[in-house]
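The values are calculated or read from the model by the stated rules, or taken from the named source; none is laboratory data. A quick note: this is a predicted structure, and the numbers were derived from the prediction, not measured. Cβ: placed from backbone, ideal geometry, glycine included. Neighbour counts: every protein chain shown. Please note that ligands, DNA and RNA were not included when accessible areas were found on the heavy atoms of the full protein model with its side chains. Shrake-Rupley method; radii C 1.70, N 1.55, O 1.52, S 1.80 Å.
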Amino acid sequence: MRHLPWLASLALGSGSAWAACPAPPEPRMLRWQDPLAARPGPDCPRPFPAALKGLPLGDGGTLSLGGEWRVRVEAADRPDFGLAEAADRAILQRLLLHADAQLSDHVRGFVQIGSFIGSRRLGEGPTDVSRLDLTQAFVEIGRRNGSGGPMLRLGRQEVALGSSRLISVRDSPNIRRSFDGVRGRFGLGKAQFDGFWLRPIQLRPGVFDDVSDRNEQVYGLFGTLDMQPAGRLGFNLYWIGYERQQARFQAGSGRERRHSFGARVYGAAGSWDWDIEPVIQVGRFGTGRIAAWTVASAFGHSWPGQPLAPRLGLKADIASGDRDRNDNKLGSFNALYPRLPYFTEAGLAVPTNIMDLHPTLSLTPEKSVDVTLGANFLWRHRRADAVYVPPLRPFLDPGAGSRFVGTQFEANVEWEAAPGWAVKLALVHFAASDSLRAIGARSSNFMASSIGYRF
């Protein structure tokens, strides 16, 4: 492999030895959200990676360095709902390095470069390979990182808003999603508002050749209100505008100008947690109009004091489809830039013209090990509309068949092997419905495993 495995020897060590060192970043964070890190104390046994954090700069500034290395292996015996001519195999590797410079109490700079290499039996996709590129580079004006207050950020950046249902990164694919543009933040009482204008990055496989996609733009205002204690009850209220020069749905192709108006309530009480988010979309598609909607929900109940700390969860979603391709009204919902994968690691479907029920059971056999088992039942919302696959492409139109698409059975294991190290395994079996089998689709199996290190 071209990315050297020297990271392993630098990071492994006993848990007690790491107690005096700054903690590694939370694996689920965006890297620009890493908290300000203190310099390691004299009892920290390894200078790496703790010595890369909180380096002093002039006039009270600090510099923190970090990165990520990950190798992911994928295998699918019948990709694309079994319609592909051959099985698919892939090995994908990414290396990210960043510098976070807090130049003063009000000025910050963040730069991240990435190298993404790999091979895929059926041919590399757009999110698989980019030899070397600038993944993030922005200047931020506002209070010191993590202290809140007004903020203005300009440049290339990763963005995740609210539940990540409409704007988020894609972590499972080799290349994460980023945008070029501007984002600002201000507070009003206990509420916080984010305003933004962004263009997604158009990925290219060469060296420093990624550019803004001039065919798409997204803009809007996103409000958040977290009640005290933080995270126990919260609300989002937002408007997101989206424009795309050339869009394709089952109803046809044309220019898309879409506005999403959404609300979300989330929180927890005792052992229960919930997350409910309805969205209405209006706008224009070609010469017609858009009238689409979705309701996404997730509920859970935990038993933290019991053996294995079980949690039962249920997700239930409806994303509208198009009723009639000839009525000059597009009813297909567009999730814009959602987290990927959305339903399971197999990435078979996106939340457009879809209804799903997704019960899960999560277990924690060890503090560092999480196991999730689930079944994802999928139906089309409208028979007249297609089944859509990532990023948003009409793929299967079973015509007059039943709405039932199939069931995905999943098993996921995540293991924090050592500070900063993560090992993951995902297994998915898709059982195709009779309607899909009638047009040549078949049941399929998918496996993804990865090992990664963040510092």
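What is the one condition in (1) assigned to a strand (DSSP E or B); (2) within 20 Å of the chain's Cα centre (by Cα) that P126 does not satisfy? Status for P126: all satisfied but (1).
For the range 173-213, a residue qualifies if it is charged (D, E, K, R), under 22 Å from L237 (Cβ atoms) and open to solvent by 60 Å² or more (accessible area, probe 1.4 Å), and exactly one does: K190. Against the conditions (1) more than 22 Å from F455 (Cα to Cα); (2) open to solvent by less than 20 Å² (accessible area, probe 1.4 Å), E158 satisfies every one except (1). Residue under question is I91, and the condition is that it be under 23 Å from T344 (Cβ atoms), touching a strand residue (DSSP E or B) at 6+ places or on another chain (Cβ under 9 Å) and buried (at least 21 other Cβ atoms within 10 Å of the Cβ); does it hold? In short, no. Within the option set P365, P307, being free of Cβ contacts under 8 Å to residues at least 40 places away in the same chain and farther than 23 Å from S163 by Cβ holds for one residue only, P307.
Considering only the range 310-342, state which residues are within 25 Å of G162 (Cα to Cα) and either acidic (D, E) or in contact with a Phe, Trp or Tyr (Cβ under 6 Å, 6 or more places away or on another chain) (or both).
Passing the criteria: L314, D317, A319, S320, S332, L336.
Is it fair to say S435 is part of a loop (DSSP other than H, G, I, E, B) and without any contact (Cβ under 8 Å) to a residue 60 or more places away in the chain? Considered against the rule, which asks whether it is part of a loop (DSSP other than H, G, I, E, B) and without any contact (Cβ under 8 Å) to a residue 60 or more places away in the chain, S435 comes out as no.
Can you name the strands (runs of 3 or more DSSP E) wholly within the range 331-412 that have at least 1 residues being at pLDDT 95 or above and more than 21 Å from W293 (Cα to Cα)? Per the criteria, 354-366, 369-379.
Taken together, the residues in the range 234-269 that are open to solvent by 60 Å² or more (accessible area, probe 1.4 Å) and of a type in the set (A, V, I, L, M, F, W, C) amount to 4.
Please determine, by comparing only the residues of the range 306-326 that are among the hydrophobic types (A, V, I, L, M, F, W, C) and either in a loop (DSSP other than H, G, I, E, B) or out of contact with any strand residue (DSSP E or B) (no Cβ under 9 Å at 6 or more places or on another chain) (or both), which one is least open to solvent (accessible area, probe 1.4 Å).
Here is the first cut: in the range 306-326, the ones among the hydrophobic types (A, V, I, L, M, F, W, C) are 308-309, 312, 314, 316, 318-319.
Next cut, either in a loop (DSSP other than H, G, I, E, B) or out of contact with any strand residue (DSSP E or B) (no Cβ under 9 Å at 6 or more places or on another chain) (or both) only: 308-309.
On the way: L308: 83, A309: 34 Å².
So the residue we want is A309.
D213 - would you say it is among the acidic types (D, E), free of Cβ contacts under 8 Å to residues at least 24 places away in the same chain and touching a Lys or Arg at 6+ places or on another chain (Cβ under 8 Å)? The answer is yes for D213. Of all the residues in the range 420-455, those that are buried (at least 21 other Cβ atoms within 10 Å of the Cβ) and either at positive phi or out of contact with any strand residue (DSSP E or B) (no Cβ under 9 Å at 6 or more places or on another chain) (or both) number 1.
Within the range 80-134, being farther than 24 Å from R31 by Cα and aromatic (F, W, Y) holds for one residue alone: F81.
Each row is one residue, and each column tells you yes or no for (1) surrounded by fewer than 20 Cβ atoms within 10 Å (Cβ to Cβ); (2) in contact with a strand residue (DSSP E or B) (Cβ under 8 Å, 6 or more places away or on another chain); (3) within 21 Å of L340 (Cα to Cα).
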residue: L63; (1), (2), (3): yes, yes, no
residue: V71; (1), (2), (3): yes, yes, yes
residue: P79; (1), (2), (3): no, yes, yes
residue: Q102; (1), (2), (3): no, yes, no
residue: I117; (1), (2), (3): no, yes, yes
residue: P126; (1), (2), (3): yes, no, yes
residue: L132; (1), (2), (3): yes, yes, no
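The number of residues in the range 282-318 being closer than 20 Å to V389 by Cβ and either touching a His at 6+ places or on another chain (Cβ under 7 Å) or among the hydroxyl-bearing types (S, T, Y) (or both) comes to 3. Residues that are hydrophobic (A, V, I, L, M, F, W, C) and under 25 Å from L425 (Cα atoms) within the range 374-404 comprise A375, F377, L378, V389, listed in sequence order. Taken over the range 270-305, the criterion of being open to solvent by 60 Å² or more (accessible area, probe 1.4 Å), within 24 Å of V371 (Cβ to Cβ) and modelled with pLDDT of 95 or more is satisfied by W272, W274, F299, W303.
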